[in-house]
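One structure is given below, encoded as structure tokens.
The values are calculated or read from the model by the stated rules, or taken from the named source; none is laboratory data. All of these numbers come straight from a predicted model, not from anything done at the bench. Ideal geometry is used to build each Cβ from the backbone, glycine not excepted, and the neighbour counts take in all protein chains shown. Only protein heavy atoms, including side chains, enter the accessible area calculation; ligands, DNA and RNA are left aside. Shrake-Rupley method; radii C 1.70, N 1.55, O 1.52, S 1.80 Å.
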Amino acid sequence: MPFISVIIGQKLSNAEKDKLKSELGRLITIIPGKTEPDLIVHIQDSGAVYMGGTETPAVYIDLRVYTTTKEEAKKTFTKKLFDFITAEYGIKPDRQYLTISEYENWGYDGEFH
């Protein structure tokens, strides 16, 4: 059950949010064993994002996955996601941040695994 949270410092329309959600669903399949039907997406837009004390166009993405993931899959996911963010929102790659956290313990469907 992967979870992706996106914090972006610009206002997104509902159509833009839907496109972002769909692209995240498509890209999550790069991670072995992860699928769009299992993906939880959180999008927080319109917030002030500061870097070096100055408000700037930026995005922070937090991906959390159950179990470990191969390094090559994480690199491919990152590259394709950053390319999409640059093309879609004009945010420079040096203003895009991603963390990937891998968990051995995860609760879902009423149980702890």
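Every test in (1) open to solvent by 40 Å² or more (accessible area, probe 1.4 Å); (2) modelled with pLDDT under 95; (3) out of contact with any helix residue (DSSP H, G or I) (no Cβ under 9 Å at 6 or more places or on another chain) is passed by GLY47 save one, and that test is (1).
Cβ-Cβ distances below 8 Å connect the following pairs, each with a first residue in segment 52-72 that is over 30 Å from TYR108 (Cβ atoms) and open to solvent by less than 90 Å² (accessible area, probe 1.4 Å), a second residue that is of a type outside the set (Ser, Thr, Tyr) and assigned to a strand (DSSP E or B), and a separation of six or more residues or different chains: ALA58/ILE8; ALA58/MET51; ALA58/GLN96.
Tell me the residue from GLU88, GLU102, GLU23 that is without any contact (Cβ under 8 Å) to a residue 60 or more places away in the chain and out of contact with any Cys (no Cβ under 6 Å at 6 or more places or on another chain), please.
Details: GLU88 fails: without any contact (Cβ under 8 Å) to a residue 60 or more places away in the chain; GLU23 fails: without any contact (Cβ under 8 Å) to a residue 60 or more places away in the chain.
Only one candidate qualifies: GLU102.
Condition first: within 18 Å of ILE7 (Cα to Cα), out of contact with any Pro (no Cβ under 8 Å at 6 or more places or on another chain) and assigned to a loop (DSSP other than H, G, I, E, B). Can you find one or more residues in segment 75-83 that meet it? No, there is no match, as no residue in segment 75-83 is within 18 Å of ILE7 (Cα to Cα), out of contact with any Pro (no Cβ under 8 Å at 6 or more places or on another chain) and assigned to a loop (DSSP other than H, G, I, E, B). For GLU102, the stated conditions do not hold, so it cannot be described as part of a helix (DSSP H, G or I), open to solvent by 50 Å² or more (accessible area, probe 1.4 Å) and in contact with a Lys or Arg (Cβ under 9 Å, 6 or more places away or on another chain). Return the residue satisfying two criteria in turn: it lies in segment 8-44 and is open to solvent by 60 Å² or more (accessible area, probe 1.4 Å) and of a type in the set (A, V, I, L, M), and of such residues it is nearest to GLU55 (Cα to Cα). Looking at residues that are open to solvent by 60 Å² or more (accessible area, probe 1.4 Å) and of a type in the set (A, V, I, L, M), I get ALA15.
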